[in-house]
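For reference, the structure is listed below as C-alpha cells.
Read-outs throughout are calculated quantities, based only on the coordinates presented, and are distinct from any laboratory measurement. Quick caveat, the model's predicted, so the values are computed rather than measured. When we count neighbours, we look across all protein chains shown, and the Cβ atoms used for this are built from the backbone with ideal geometry, even at glycine.
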Amino acid sequence: MVGTTARERLLDAADDLFYRVGVQTVGIDRVIEQAGVAKASLYNTFGSKEALVEAYLEGRHARLTARITRHVRGYDEPRAQLLAVFEALAELIHEPGYRGCAFALASAEAPSDGRVVHAALAYRGWVQALFTDLATRAGAPDPDLLARQLHLLYSGTGQAARMDGNVEAADEARAVAAILLEATLRDAPTS
C-alpha cells in the first residue's frame, strides 16, 4: 500500500475498492485485508464503515477540487475559467478506470440523511459555488441561474461518460457550455 500509517493504508484501500467495486458491495473485511491492518485499527481510526466512506469521499473532494482549481487558474478571464472546469472533467474521464462520479455512486447507496450523502453534497456545493463565483465575475445577468445550468451540464457529463461510455462527453459539454456562455454573456464585459 502507498500509505504508511494505518489510516493512510485504510484510505488507500477504501479509495480503490469503494470506487472500483462499490461502497455497499465491498465489506469492511475486504478493506481491512487490502489495507493490511487489524480490524481494531479501522474502528479505532474511523469508528464505522460510514465514517470510512465519508473520509474516502472527503479525500476525493480534496483531489477533485485541486484538479479543477489547477485548470481554472490556468486562465485569467472568467469565461475561460468557466470552460476550464470542463477541461478538468475531461482529464478525469480519460483516466483509466473512470467509473463516473464517486459522489453519485456512493450516495446512491446511502441513507438520504447520512454522512455519506452530506459528504457528496459538500462536493456538489463546492462545484455550484465555483460556477456561481465565476459566473458573477464573468458578468452574468443572473449568475445563480447560469451556475445551475453549468452544474447540470457538468453532472450530466459524468453520467454520460459512465453510462454511455462517451469518453468525449466532457469535450462535448465544454462546447455546449461555450454556446451557453456566448448567449448569456453576449453583452457582459470580458474582464
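Odds and ends about this structure:
- Listed values (1) 61, 35, 26; (2) 53, 33, 26; (3) 61, 31, 29 include one computed from this model; for Cα extents along the principal axes in Å that value carries the label (3).
- Peptides ranked, highest mean first, by Cβ atoms within 10 Å: ranges 88-95, 9-16: 9-16, 88-95
- Note that the range 1-47, at 37 °C in a medium of 0.692 mPa s, gets a Stokes-Einstein diffusion coefficient of 319 µm²/s from its Kirkwood radius over C-alpha pairs.
- In the chain, helical runs assigned H by DSSP with n ≥ 4 each contribute -39500 (n - 2.57); averaged across all residues and rounded to the nearest 500, the mean residue ellipticity at 222 nm is -24000 deg cm²/dmol.
- Our note on the geometry: Cα centres of the range 55-105 and the range 1-48, 24 Å apart.
- For the chain, averaging the sequence separation of C-alpha pairs within contact (under 8 Å, six or more residues apart) and dividing by the residue count gives a relative contact order of 20 percent.
- Converting phi to 3J(HN,Hα) with the Karplus coefficients 6.51, -1.76 and 1.60 and the offset θ = phi - 60°, the range 37-47 yields 10, 7, 4, 4, 4, 5, 6, 5, 7, 10, x Hz in sequence order, with x at every glycine or proline.
- Radius 14 Å from Cβ of Leu180, net charge of other residues (Lys, Arg +1; Asp, Glu -1): +1
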